[in-house]
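Visitor: The structure follows.
The values are calculated or read from the model by the stated rules, or taken from the named source; none is laboratory data. In this text, all values refer to a predicted model and were calculated from it rather than measured experimentally. Note that we place each Cβ from the backbone using ideal geometry, even for glycine, and neighbour counts take in every protein chain shown.
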Ligand code: ATP
């Protein structure tokens with residue numbers, strides 16, 4: 001099985017951008033945000049549990065999860081948030097573990113791209129962690145122009161995430177993304193060679 005390398009960073013730091021650069025080098029990755037949505041699609045055991053716990057009102061008329069309603073509940077009530085995380089985090093982790101073993105794959109490592117790599121038990125899935133890092137001001141600017149969020153919203157999300165300093169302390173590798181994409185691409189190429197060596201040995 002390929003070695004799993006984590007790729008994380010705060011909102012708007014450039015995780016997807018950097019993952020795509022690895023992808024151009026032939027590296028496969030699994031996106032934890034996508035898996036987090038897949039495990040609560042209609043027909044999944046997790047969605048059934050959620051509907052049992054919060055009532056059918058948590059579903060929309062088409063049977064999909066009413067994320068806005070769920071967010072409102074768990075935002076107001078820590079014990080409900082803990083219940084939900086207790087259900088979802090292990091489910092997401094198991095699904096990630098299975099998707100991180102792609103069939104017909106030549107390279108010795110795969111990436112797990114996740115904003116919550118270091119905040120959840122997902123880090124137990126990875127051998128090393130790459131952190132994509134930019135100053136907070138860059139995070140705010142880029143997220144605002146990408147999502148047309150207002151500054152306050154973005155600042156609130158950043159405040160709720162792991163502080164930049166803690167994230168960097170836990171990084172095995174750092175990609176500095178507050179510079180032109182060509183330079184970032186070169187850094188990714190160098191890191192790719194390192195990761196090939198590391199995961200073959
Ligand atoms: P999120 O956690 O919000 O999903 P992310 O960490 O995946 O974000 P991206 O979506 O890759 O971040 O990048 C955020 C925005 O910044 C995007 O619009 C992207 O095109 C832009 N961006 C990323 N890296 C650079 C760079 N080096 N120079 C200029 N713009 C960049």
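Visitor: Residue 4 - would you say it is in contact (Cβ under 8 Å) with a residue 40 or more places away in the chain, more than 26 Å from residue 155 (Cβ to Cβ) and outside the structural domain of residue 124 (by TED's automatic domain parsing)?
Guide: no
Visitor: Which residue is nearest to the ligand (Cβ to nearest atom), if the candidates are limited to the stretch 6-23 and must be touching a helix residue (DSSP H, G or I) at 6+ places or on another chain (Cβ under 7 Å) and part of a helix (DSSP H, G or I)?
Guide: Going through the qualifying residues, I end up with 18.
Visitor: Being within 11 Å of the ligand (Cβ to nearest atom) and in a loop (DSSP other than H, G, I, E, B) is the filter here, so list the residues in the stretch 136-160 that pass it.
Guide: Within the stretch 136-160, just 149 meets the criteria.
Visitor: Which one of these is closer than 18 Å to residue 198 by Cβ, at pLDDT 90 or above and outside the structural domain of residue 75 (by TED's automatic domain parsing): 132, 154, 126?
Guide: Going through 132, 154, 126 in turn, the sole match is 126.
Visitor: Sticking with this structure for a sec: Somewhere in the stretch 170-181, is a residue in contact (Cβ under 8 Å) with a residue 12 or more places away in the chain and part of a helix (DSSP H, G or I)?
Guide: Yes - at least one qualifying residue is present in the stretch 170-181.
Visitor: When the residues of the stretch 112-135 are filtered to those that are surrounded by 16 or more Cβ atoms within 10 Å (Cβ to Cβ) and in a helix (DSSP H, G or I), which remaining residue is farthest from the ligand (Cβ to nearest atom)?
Guide: Taking the candidates together, the pick is 125.
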